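The values are calculated or read from the model by the stated rules, or taken from the named source; none is laboratory data. What you see is a predicted model, and the numbers here were worked out from it, not measured in a lab. Note that we place each Cβ from the backbone using ideal geometry, even for glycine, and neighbour counts take in every protein chain shown.
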Amino acid sequence: MKKQKGIAVLGSTGSIGTSTLDVVRANKGRFKVVTLAAGKNIALLKKQIREFAPHFVSVTDEKSAEALSSDKSVKSLGVDIGFGTEGAKIAAAYKGVDMTVSAIVGFAGLIPTLHAIKAGKDIALANKEALVAAGPLVMNEVKRRGVSLIPVDSEHSAVFQCLKGHDTAEIERIILTASGGPFLRAPLSKLKSVTPGQALKHPNWEMGRRITIDSATMMNKGFEVIEAKWLFGVQNDKIDVVVHPESIVHSMVEYVDGSVVAQLSTSDMRGPISYALGFPGRIGKNCTPRLELGGRRLEFLTPEKRRFPCLTLAYEALEIGGTAPAVLNAADEVCVEAFLKKEIGFMDIARILAMVLGAHRAKTIKTLDDVLDADMWARDKAASLVK
C-alpha cells in the first residue's frame, strides 16, 4: 500500500485551508493531516480536529489554546496544542509532515514557511507575502535544502503548469491574468466613494477580506508580479499583466517562437491546491466542477494605470529591489485594515502606499532581521499617515 502523504495545513480555517481539507476529504487514504494551525475560529477548528485527528494544533494566542485544551472532545484525541509564532513553527515542521500548506494570511506566514523549508518540508505556497517580502531568503533556502516549492495561487499554479516540459530559457513573457475586481468598469470619479462592503464583493472568487480588497485595487496582482520573479527566475520586464474578467484563463507563458501556452479551468482554488498536493501527478478527485467553454466569451484588456495605481507601485518596488517589496506589503496590510475600518478612503490606499515607498531607503536583504526591520518601519510609517 502506498504511503500516505503527511500534510501540515497552516491557516486551516481560512478559505485556502478549508479548500485544502476538502481535497483531503475527497481522497481518503491518500493524505494524512498531521498538524493544523489556525487563528481564532476555534469552533471550526474543533470540527477539523474531530474529523482529521491531527497530532498537533496551533492557534493564535494562549487564551485560544486554553479554550481548546479544555474541550473534552479535543482532550480525548490526545492532541498537543501550541500557540503564537512558535506554535505555528512547530506545526509547519512537525515530524511526519511531508508537505506544508502555507496559507496563513499576510506577513505572519513568512516565519513558519521559512522554518518548514529549513526542516526539509516540501511547500505548497499560498502565502504570497513570504516571497514578496523575503524572496531571496526563501528561494536561497529552498535551493540549499533541496525541497520542492509548488505555488498554490491560481495564477502561479497556471504558470507552473504551463512551464512543465519546457525550457525556462525559452520564456519570452509570463502573462498573469487579473479579473479586474468589482470596479473594472466603474467610472473613475466614483472610486473615491467606494465602501468596504462594495469592495468585498468580488465578481468571481470567494477569498479572505484582505486579498479581496487587494484584488479590487489590483495590489494583489502587483504582489503576484513580484512573487513570479522569485518563483520562475525571470527578469522584471518579462512579467506582464492582462485583465481577463471571466477568470477562466489563469495565466499564460509566451515562448521565444511566439507560441503562448495557457492554463484554463473553473474559478475554484481546489484545483491548484490539488495540483500542489499531488505533484508531480494529478488528482482526479479535486472537487472542482469541469470547465464548459461552449458559448463562453473570453476578453482580455490592458490594465488602466489611473484605475489601478497599486499595480504600478508594485512594479516600482520590484525595480527598486531589496527591502522595497517588504515595505510595500507591510504598508498595504495597514492601509487595507484602515480602509476596512473606514478610517481612510479606497483611493487613499494607493496614495499612502506611494508616500511610504517614496520615503523608504531600500537596503539589500541579507538576513531575516533586514526584512523584519523593514516591515516594522513600514507599518509605523503607514499608521502615522493613516492618522
**Item:** Output for segment 159-182, where each listed residue is at pLDDT 95 or above, farther than 21 Å from residue 308 by Cα and not aliphatic (A, V, I, L, M)
**Value:** 160, 161, 162, 170, 172, 173
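From 113, 85, 60, grab the single residue that is surrounded by 21 or more Cβ atoms within 10 Å (Cβ to Cβ) and assigned by TED's automatic domain parsing to the domain that holds residue 142.
Details: 85 fails: surrounded by 21 or more Cβ atoms within 10 Å (Cβ to Cβ); 60 fails: surrounded by 21 or more Cβ atoms within 10 Å (Cβ to Cβ).
Matching residue, one of 113, 85, 60: 113.
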**Request:** Might you let me know whether segment 188-197 holds any residue that is surrounded by fewer than 23 Cβ atoms within 10 Å (Cβ to Cβ), touching a residue at least 60 places away in the same chain (Cβ under 8 Å) and of a type in the set (D, E, K, R)?
**Result:** yes
**Message:** Which count do you get for residues in segment 127-169 that are within 30 Å of residue 369 (Cβ to Cβ) and in contact with a Leu (Cβ under 9 Å, 6 or more places away or on another chain)?
**Reply:** 19
**Pairs, first within 25 Å of residue 140 (Cα to Cα) and among the hydroxyl-bearing types (Ser, Thr, Tyr) in segment 206-230, second assigned to a helix (DSSP H, G or I) and modelled with pLDDT of 95 or more, C-beta under 6 Å, six or more apart** = none
**Message:** Could you tell me how many of the residues in segment 145-172 are under 24 Å from residue 269 (Cα atoms) and in contact (Cβ under 8 Å) with a residue 60 or more places away in the chain?
**Reply:** 16
**Request:** Name the one entry in 17, 96, 78, 39 that is buried (at least 19 other Cβ atoms within 10 Å of the Cβ), outside any helix (DSSP H, G or I) and in the same structural domain as residue 111 (by TED's automatic domain parsing).
**Result:** 39
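Tally time: how many residues in segment 277-311 are in a helix (DSSP H, G or I) and over 30 Å from residue 353 (Cβ atoms)?
Taking segment 277-311 first, the residues in a helix (DSSP H, G or I) are 277-278, 309-311.
From what's left, over 30 Å from residue 353 (Cβ atoms): 277-278.
Of the residues in segment 277-311, 2 are in a helix (DSSP H, G or I) and over 30 Å from residue 353 (Cβ atoms).
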**Message:** Kindly evaluate residue 225 against the criterion of being crowded, with 18+ Cβ neighbours inside 10 Å and assigned to a strand (DSSP E or B).
**Reply:** no
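Take the conditions touching a residue at least 12 places away in the same chain (Cβ under 8 Å), in a helix (DSSP H, G or I) and under 21 Å from residue 30 (Cβ atoms) and apply them to residue 314. Does it pass? Give the steps one after another, and end with the answer.
Numbers: touching a residue at least 12 places away in the same chain (Cβ under 8 Å): yes; in a helix (DSSP H, G or I): yes; under 21 Å from residue 30 (Cβ atoms): no.
No: the conditions fail for residue 314.
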**Asked** Which of the residues spanning segment 129-144 are touching a residue at least 40 places away in the same chain (Cβ under 8 Å) and either polar (S, T, N, Q) or over 29 Å from residue 306 (Cα atoms) (or both)?
**Response** 136, 137, 138, 139
**Request:** Test residue 33 against the criterion of being surrounded by 23 or more Cβ atoms within 10 Å (Cβ to Cβ), of a type in the set (A, V, I, L, M), at pLDDT 95 or above and within 16 Å of residue 108 (Cβ to Cβ), and give yes or no.
**Result:** no
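Test residue 163 against the stated conditions and say whether it is over 21 Å from the mean Cα position of the chain (by Cα) and not assigned by TED's automatic domain parsing to the domain that holds residue 366. Step through it out loud before you land on a result.
Details: over 21 Å from the mean Cα position of the chain (by Cα): no; not assigned by TED's automatic domain parsing to the domain that holds residue 366: yes.
No.
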**Prompt:** Do the conditions hold for residue 6, that is, is it surrounded by 24 or more Cβ atoms within 10 Å (Cβ to Cβ), of a type in the set (Gly, Ala, Ser) and at pLDDT 95 or above?
**Reply:** no
**Request:** For residues that are surrounded by fewer than 23 Cβ atoms within 10 Å (Cβ to Cβ) and not aliphatic (A, V, I, L, M), scanning just segment 314-331, find the one that is nearest to residue 387 (Cα to Cα).
**Result:** 316
**Message:** Restricting to segment 264-281, give me the number of residues that are within 13 Å of residue 124 (Cα to Cα) and more than 18 Å from the chain's Cα centre (by Cα).
**Reply:** 3
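Condition test on residue 201, is it of a type in the set (Lys, Arg) and at pLDDT below 95? Show your work before the answer.
Values: of a type in the set (Lys, Arg): yes; at pLDDT below 95: yes.
Judged against the criteria, residue 201 is a match.
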**Asked** Failed condition for residue 215, given (1) in contact with a helix residue (DSSP H, G or I) (Cβ under 7 Å, 6 or more places away or on another chain); (2) over 19 Å from residue 304 (Cα atoms); (3) among the hydroxyl-bearing types (Ser, Thr, Tyr), with all others met?
**Response** (2)
**Of all residues making up segment 43-75, the number that are assigned to a helix (DSSP H, G or I), in contact with a strand residue (DSSP E or B) (Cβ under 6 Å, 6 or more places away or on another chain) and modelled with pLDDT under 95** = 4
**Request:** Look through segment 359-381, keep the residues that are among the small types (Gly, Ala, Ser) and under 22 Å from the mean Cα position of the chain (by Cα), and return whichever of them is farthest from residue 312 (Cα to Cα).
**Result:** 374
**Item:** Only listed residue being within 20 Å of the chain's Cα centre (by Cα), of a type in the set (Val, Ile, Thr), part of a helix (DSSP H, G or I) and surrounded by 13 or more Cβ atoms within 10 Å (Cβ to Cβ), chosen from 356, 334
**Value:** 334
